[in-house]
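Scroll down for the structure; my scribbles are underneath it.
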Amino acid sequence: MNTDAPVSDSGAKPIMTARNVDVFYGKKQAIDNVSLDIPENQITALIGPSGCGKSTFLRCFNRMNDTIQICRVKGDIKFAGQDIYDPKVDVVALRSRIGMVFQKANPFPKSIFDNVAYGPRIHSLSESKDHLEDIVITSLKRAGLYDEVSDRLDEPGTSLSGGQQQRLCIARAIAVDPQIILMDEPCSALDPIATAIIEELMDSMKEKYTIVIVTHSMQQAARVSQQTAFFHLGELVESGDTKQIFTNPEKERTQNYISGRIG
Amino acid sequence: MPDYLLTTSPQMAKRHARHKRFQWYGRIAIAISISFMLFMFTAIFFRGIGAFQKTMVAVDVQFTEANLDPSGNRNSSDLLRANYKPILLQGLQQVVPEATSRQDRNRLYGLLSNGAAFDLGERVSNKPAMVGTSERVWVAASSEVDLYVKGKIDPVEIPEELRRLKDQDIAWVEALREKGQIKKKFNTAFFTNGDSREPEMAGILSAAIGSFFSLLICFLIAFPLGILTAVYLEEYAKKSRFTDIIEVNINNLAAVPSIVFGLLGLAIFLNFFGLPRSTPLVGGMVLALMTLPTIIIASRSILRSIPQATRDAALGLGASKTQTTFHHVVPLAMPGMLTGTILGMARALGETAPLLMIGMVAFIVDVPKGVTDVATALPVQIFLWADSPEKGFVELTSAAIMVLLVFLVLMNVFAVYLRRKLERRW
Ligand SMILES: Nc1ncnc2c1ncn2[C@@H]1O[C@H](COP(=O)(O)OP(=O)(O)O)[C@@H](O)[C@H]1O
Ligand SMILES: [Mg+2]
C-alpha cells in the first residue's frame, strides 16, 4: 500500500491519522503496515473476518493495547496532530478524549447514576453536585436511555437489559465529553431491536462525536457508516466511502468478502 | 412412539450401569467421611459435656471472728489471707462427726477442692459483714468427688487400691448427698478462670484471651501485607522471571510445616529482635508469617477471577491504574479476600506447634491484659491438659476442644456471612 497517500476520500478533515502501523503480540504480528485516516464527525466502520485484527487496530487509538503486556505497537498515530505514542503523552488524558465501548456491555456493579458519574468524578469535570447530576442526565439523554431509567437511577446498572446496559456504557463514555468514541462490536450480543436502537443512536451522535465502530456485520456497516475499512489477515485491504466499498470495491478480496466468499 | 426410543442396546445398558455405579461410589465416599466426623464429634461431645457441670458441696460454716479476724479490724486483705480450713472442716464435721483423727480430718477436708478455701476467702473479704455470722455456703468439690458424683468412677468395678477416692470417702459423700448437701451446677469457672493445677478450678479464659490477642496481631499484620502483596503481584508487577520465582516461593511457603515458622520466629523475633517471649505479640507474628502465603494465594486467585472487562471499563474512561485497582478491582475482590483471610486465621487458631516453639506453652493462671503479657492459646491449653495425668483433665480437654471447634465454626460462618453480605450490594 502507498504509505503517505490520503486514505480517506470522503473529503472530511481527519481527526485521527494512522500511518504504517504494525502491532505485535509477542512475536506474532497482528497488524501489518496499516494506514488509515479517521474523518471527523463521521462514522468509520472496520469490517473483516474474525481474527483479522479489527479490535487490535481499534485499541491502538486509545492505547488500550498498553494494558496487554506482550503487545507492541509500531508506527505513527496522530490525534489532532499529536503523536499519541509520544512518551510525553498522558494516557489518562488521552483516554478521556477518546472513549471506548466494548463488545460485552460492562457496567460497573454500581448504581446507574454512579456508572455515568464515575468518569466526571475522576476527571473532576463537575463543579458541584447539581452540575454532576446535570452531566449524568444529559449523558443519559444523549444515549437515549434517560426516559427508561429516570425513576431508578439508584438501581444497579447490572440490573438493566443487555441493550440498556450497552447504552449505559455509551452514556458513561459520553459523560467525560470525549471527541472520539471507539466501539468494538457493540451490538454483537444484542437482539435486532436493541441493535436498531443503538444504530439510530449512533447516527444522532455523529453530529457531536467521531465514531469508529468495529463490526462483523456488513449490513450494520452499510447502514451506519460513512467510511468503511476492510481488514483481512492483519492487513488493511481497502478503505473508502461506504457506498463505494459495498457497491463497487476495487479489490477482489473485498468483493469476495462482501459477497460472502471469505468469512 | 418410534421403536428406537424404547430399545436399550447392550452398550446403553452398560453405560447406564457405569453411571449408576459411579454415583454409588460417590455416595459411599461421602457416607464414610461423614460417619468419621460424626464419630469424632460425638466422642468429643460425650467426653466433654460433663465438664460444663461441676459438683458443689454445701457446708454450714460459722464465720467466727476468733478464727478469721482476731484483730477485729475487718481488713479485707487480712480476711482474704485468713485460714478458712478449720471453719470449713467444722462445717463438714457436722455431717460426719466420726472423722476426728488427724488423718480422717485431712481426708474429709480433701473432699473439697483446694480452691474452696480461697474462694470462701474472696467472698468474705468482699463482704466483711459475714464475719460473726453462720451461713450455708456452696463450695466446689474436689475433682475426685466430682468424677464420682458424675458417675465416672464406679466403686464396684474399680478395686479400692486403684482409686484415689476410698470407700470411706464415698460413704462420707453419700452421707452429704443424703442431707441434700451435694448438687451439680453449671461450671462457670470453666469460662471465667485461667489454668489451674486443680481440674475443678481450671478454666479456658486465659487461653481464649491469649488466642484472641494472637489472632488480632496475626490479622493486623497478615491482612494488609497479604492483600497489598497480592494486589501488587496481580495488578502491577510485569510478568517476569522474578515474579515467577516469587510465585513459586509463595506456593512453597504455604506448604512449609508450621513448626518451621515457629523456629523462624524463635530465631528472629525472640533471639534477634529480643521481643518478649511467650507473648501473643510474638505468637501473632509467627501465625501471621504462617497465614501470609495462604492469604496471598487466596487473594490472587480472587483478583484473577475479576473479569478483565471491569478493568477495561475503568481504563477506557481514563482512570489511572491505581484508580482502576482501588475503585473497582479491590472492592469487588474484597469479600473474597476477607473470606480467604478468615479461613487462614481459622487455621491459625488451631495451630499449636509454632506457639510451642516461641514459649506460649506456659502454665497461665492470670488472664492476659495485653499483647505483651505472657499467655497461652486454646490449642496449646488443650495440649497441656491432654498431657496432664489427673483424670479430671480428661473431660476438660474434650470441653476445651468443643470450645475451640465452636470458635472455628463461628469464624467460618462469619466468613460466609461476610461474603454474602458484601456481595449482596448488587
Ligand atoms: N491479548 C492477545 N494476546 C495474543 N494474541 C492476541 C491477543 N488479542 C488478539 N490476539 C491475536 O491477534 C489477532 C487479531 O485479533 P483481534 O484484533 O481480536 O481480531 P478481531 O477483533 O478482528 O476478531 C488474532 O490472531 C488474535 O489471536
Ligand atoms: Mg474483536
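Things worth noting here:
- Chain A - percent relative contact order, Cα under 8 Å, separation 6 or more: 27 percent
- Take B:328-337, B:27-36 and order them by the average number of nearby Cβ atoms within 10 Å per residue, most first; the result is B:328-337, B:27-36.
- The protection proxy used here, the mean number of other Cβ atoms lying within 10 Å of each residue, ranks peptides A:113-126, A:148-161 as follows, highest first: A:113-126, A:148-161.
- Residue among A:N62, A:N20, A:N248 with the largest mean-square fluctuation in a Gaussian network model of chain A, springs linking Cα atoms under 10 Å: A:N248
- Cut-off under 5 Å, modelled amide H: who pairs with A:F231 long-range: A:I47, A:G48, A:V237
- Comparing Cα centroids, region A:129-153 and region A:237-257 end up 40 angstrom apart.
- Computed packing ranks the peptides A:34-45, B:162-173, B:243-254 as A:34-45, B:162-173, B:243-254, most packed first, by mean other Cβ atoms within 10 Å.
- Choice from B:G210, B:G284, B:G274 showing the highest fluctuation, given a GNM over chain B with Cα pairs closer than 10 Å: B:G274
- Between region B:18-84 and region B:354-392, the alpha-carbon centres lie 17 Å apart.
- Alpha-carbon centroid distance for the pair region B:242-286 / region A:92-110, whole angstrom: 44 Å
- In degrees, nearest ten, helix B:115-126 long axis to first principal axis of chain B (Cα): 80 degrees
- Positions from region B:377-426 whose accessible area shrinks by 40 Å² or more when the full protein complex is built, not the chain alone, probe 1.4 Å: B:W426
- In the context of the full set of protein chains, the protein assembly as shown has a per residue accessible area of 49 Å² (1.4 Å probe).
- Near-label residues of region B:358-380 by backbone N, under 16 Å of a point 7 Å along Cα→Cβ of B:F118: B:363-368
- Mean residue ellipticity (222 nm) of chain B, computed from DSSP H runs ≥ 4 via -39,500 (n - 2.57), nearest 500: -19000 deg cm²/dmol
- Scattering profile of region B:237-352 at q = 0.11, 0.12, 0.22 Å⁻¹ [log10 I(q)/I(0), Debye over alpha-carbon scatterers]: -0.50, -0.58, -1.18
- Angle between chain A longest axis and helix A:192-205 axis [Cα atoms, degrees, rounded to 10]: 90 degrees
- Computed from the Kirkwood radius of its Cα pairs, the Stokes-Einstein diffusion coefficient for region B:38-181 at 25 °C and 0.890 mPa s stands at 147 µm²/s.
- Summing both sides, the accessible surface hidden between B and A at a 1.4 Å probe radius is close to 1800 Å².
- Residue separation of B:S101 and B:H16 scaled by 0.36 nm, minus their Cα-Cα distance, works out to 22.2 nm of gained length.
- Amide H to amide H, with H built 1.01 Å from N, A:I31 comes under 5 Å of A:V23, counting only residues 5 or more places away or on other chains.
- When the alpha carbon coordinates of the protein assembly as shown are projected onto the principal axes, the ranges are 126, 78, 54 Å, largest first.
- A:F24-A:S159 FRET efficiency (beta carbon distance; Förster radius 51 Å; 0.05 resolution): 0.80
- Partners for B:K238 among lysines (Cα-Cα distance below 25 Å; same-chain residues under 8 apart left out): A:K27, A:K28, A:K74, A:K88, B:K321
- Anisotropy class assigned to region B:205-422 is prolate, per the alpha carbon gyration tensor with a/c at or over the 1.5 cut-off and a/b larger than b/c.
- Cross-linked pairs B:K150/B:K391; B:K85/B:K179; B:K152/B:K184: Cα-Cα separations exceed 18 Å for B:K85/B:K179.
The values are calculated or read from the model by the stated rules, or taken from the named source; none is laboratory data. Owing to the predicted nature of the structure, the values given are computational and were not obtained by experimental measurement. Cβ sites come from the backbone with ideal geometry, for glycine too, and all protein chains shown count toward neighbours. Protein only, heavy atoms only, side chains kept; ligands, DNA and RNA dropped before computing areas. Shrake-Rupley method; radii C 1.70, N 1.55, O 1.52, S 1.80 Å.
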